[in-house]
Amino acid sequence: MKHPCKYHPGTEALWYCAHDGLHLCQQCVDGDEDHRMEARCLLCNHDLAPVGQDQVGPLWQRLDHYLQLPFALPLLPLLAIWAVLAALLPPLWMMVPVALLAGLPTFAFSAALMALRAGPRKSRRVALPGWDCLGESTAWQSALWQALPALLVIGLAGFLVVAVSIPAGLLVGGLGMLLVPALWLAVLVNGAAPGAYAAAPTYMISAPRDYGVAAGFASLGSVLVVALIAVAMDVLPLRFVQGLAGLLAGWWWLVLAGLCGDIAARHGRLWGLNQGGRRVTQPLAERRQRTQLCAGRFDKVLLTTAKVIKTKKATVGDWHHHDRLLAVLGKDEERAALVEPYLDVLIRADAWSEALALVARQRKRDPQWLPGAPVLRLALAEGIYEREPKLAVGLLKDLHDKHPDFADLGEAYLLLAKVLAEQFGLAGKAEQYLRFVESHCRDARLRQKVAECRDAWA
Ligand SMILES: [Zn+2]
Ligand SMILES: [Zn+2]
């Protein structure tokens, strides 16, 4: 990893903000994840410069590395399988397709190799896929869609060699092979489906130099293979020639897979391949806030959260968040001023413990404090009277003095009577409030309840 993200130390940075001097990952920028061509900084809103593409020199400088790749120990059995099966078949032209089928394990390995090289950087610590890739249906699907165009070109060229002339066959084969890497990349990037082929021109155009290396190898390499086989035919028994053809085919296939895989690794970001590991899942607003918090821009975050809690959609979490920020920033006055609306949100969410904690906090500042609005008092008392009967009594007791017009006064005093009688055993006091309800409220339902209470306490 060249540069970790400033705020996600485990993630590789894909962007650099020149204004803030920060390396940032995809989570920490405002950008389209599928086309990682441009993004903006969540802190300063400036355009960002992409970073993190491995530039290890042009692909052709490492060509020898790719040519040797099939001889790596884990891949040798693939060459052997193809060579041996091809050699064992009876020497008939009709057996050519069957001999190509012997390449199936190589096809699957190549598909897995490309997927491995092009995938997230973390998994790229393993250089080669293991044999378990042969058990994956995705590897097989990609393998078959990738093998199809290559086999078509081979088949067509072979037919022309037999039916027309050797130069015509070589020419068509050589030209056809120029397209094969693009089709392989198309399947690699877009998945194993026939529609994927349509994107092939993109990969030729957007990485012309590296593509040239792969296409050149695909074309010249295949002609070279054919030439070698032609020479071998004159000096070796046919069975050995068939084995050699299988071996060379396997070599060509794996070299090209290595090249295509590394092209995807270098340029995949332009094509929307996800190489940064985790995908961006949080919404932009949350990520912006997180980044601003990480950067210590509390005032900026506070502006946002203050706006959020004014909306109807604000959740308990939003309020909690805003409250915490105010606490961190030492804005006690603002915090105290917001206690009633915060309490209202907590009550509506039935978050009684938090509501009690909030009341306790406010009463520490001002021991006499109780919420002013009678609706809030009643709602709070209804929620907490079993846990905090004393507080409930405090909330309800002289409501008729302060708020004579409160519509639910009868309800409130009924509750107060209940608390007094059931929690404190003060039946006499409770009776006073019941009488108040009887004399002041015309509501038949309330009168019914009063009667019920008297029955229960008698
Ligand atoms: Zn980040
Ligand atoms: Zn910035």
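The values are calculated or read from the model by the stated rules, or taken from the named source; none is laboratory data. The shown structure was predicted, so the numbers you read here are calculated from the model rather than taken from an experiment. Here Cβ is always computed from backbone atoms with ideal geometry, including for glycine, and neighbour counts include all displayed protein chains.
Read through the list (1) β-branched (V, I, T); (2) touching a Cys at 6+ places or on another chain (Cβ under 6 Å); (3) without any contact (Cβ under 8 Å) to a residue 24 or more places away in the chain, then give the number of the only condition that T281 fails.
(2)
Within the bounds of the range 45-63, is there any residue that is modelled with pLDDT under 80, under 19 Å from W252 (Cβ atoms) and small (G, A, S)?
No: zero hits.
So in the range 13-29, with the set limited to residues that are part of a strand (DSSP E or B) and out of contact with any His (no Cβ under 9 Å at 6 or more places or on another chain), which one is farthest from ligand 2 (Cβ to nearest atom)?
Pass one, the range 13-29, residues part of a strand (DSSP E or B): 15-17, 22-24, 29.
Subset that is out of contact with any His (no Cβ under 9 Å at 6 or more places or on another chain): 22, 29.
Details: L22: 6, V29: 9 Å.
Among residues in the range 13-29 that are part of a strand (DSSP E or B) and out of contact with any His (no Cβ under 9 Å at 6 or more places or on another chain), the one farthest from ligand 2 (Cβ to nearest atom) is V29.
Determine which member of the set P374, P367 is out of contact with any Ser or Thr (no Cβ under 7 Å at 6 or more places or on another chain) and buried (at least 17 other Cβ atoms within 10 Å of the Cβ).
P374
Among what's in the range 428-452 and is exposed (fewer than 15 other Cβ atoms within 10 Å of the Cβ) and small (G, A, S), pick the residue that is nearest to P389 (Cα to Cα).
G428
Quick test of your reading of the structure: P105 fulfils all but one of (1) touching an Asp or Glu at 6+ places or on another chain (Cβ under 8 Å); (2) modelled with pLDDT of 85 or more. Name the failing condition by number.
Single failed check for P105: (1).
Among the listed residues T315, T311, T291, T281, which satisfies the condition of being among the hydroxyl-bearing types (S, T, Y), surrounded by fewer than 16 Cβ atoms within 10 Å (Cβ to Cβ) and within 16 Å of ligand 1 (Cβ to nearest atom)?
Numbers: T315 fails: within 16 Å of ligand 1 (Cβ to nearest atom); T311 fails: within 16 Å of ligand 1 (Cβ to nearest atom); T291 fails: surrounded by fewer than 16 Cβ atoms within 10 Å (Cβ to Cβ).
When all the criteria are applied, what remains is T281.
Any residue that is closer than 23 Å to K429 by Cα, aromatic (F, W, Y) and not in a loop (DSSP other than H, G, I, E, B) - is there at least one of those in the range 341-349? Give the derivation first.
Just the residues of the range 341-349 that are closer than 23 Å to K429 by Cα, to begin with: none.
No; the residues of the range 341-349 include none that is closer than 23 Å to K429 by Cα, aromatic (F, W, Y) and not in a loop (DSSP other than H, G, I, E, B).
So, restricting to helices (runs of 4 or more DSSP H) that lie completely within the range 351-458, which ones have at least 3 residues that are under 29 Å from T315 (Cβ atoms)?
Values: elements: 352-365, 374-384, 389-396, 399-402, 409-424, 427-440, 444-457.
So the answer is 352-365, 374-384, 389-396, 409-424.
Yes/no per residue for (1) assigned by TED's automatic domain parsing to the domain that holds V180; (2) over 22 Å from P50 (Cα atoms); (3) not in a helix (DSSP H, G or I):
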| position | (1), (2), (3) |
| --- | --- |
| L256 | yes, yes, no |
| C260 | yes, yes, no |
| R266 | yes, no, no |
| T291 | no, no, no |
| V301 | no, yes, no |
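Report, ordered by the first and then the second residue, all pairs with beta carbons closer than 6 Å, sequence separation of six or more or different chains, a first member in the range 157-176 that is farther than 17 Å from P97 by Cβ, and a second member that is of a type in the set (G, A, S).
Here the result reads V172/A157; G174/S219, each pair linking the range 157-176 to a residue that is of a type in the set (G, A, S).
Can you pull out every residue in the range 227-243 that is in contact (Cβ under 8 Å) with a residue 24 or more places away in the chain and buried (at least 20 other Cβ atoms within 10 Å of the Cβ)?
The initial filter retains those residues of the range 227-243 that are in contact (Cβ under 8 Å) with a residue 24 or more places away in the chain, namely 238-240, 242-243.
Listed by number, the residues that qualify are Q242, G243.
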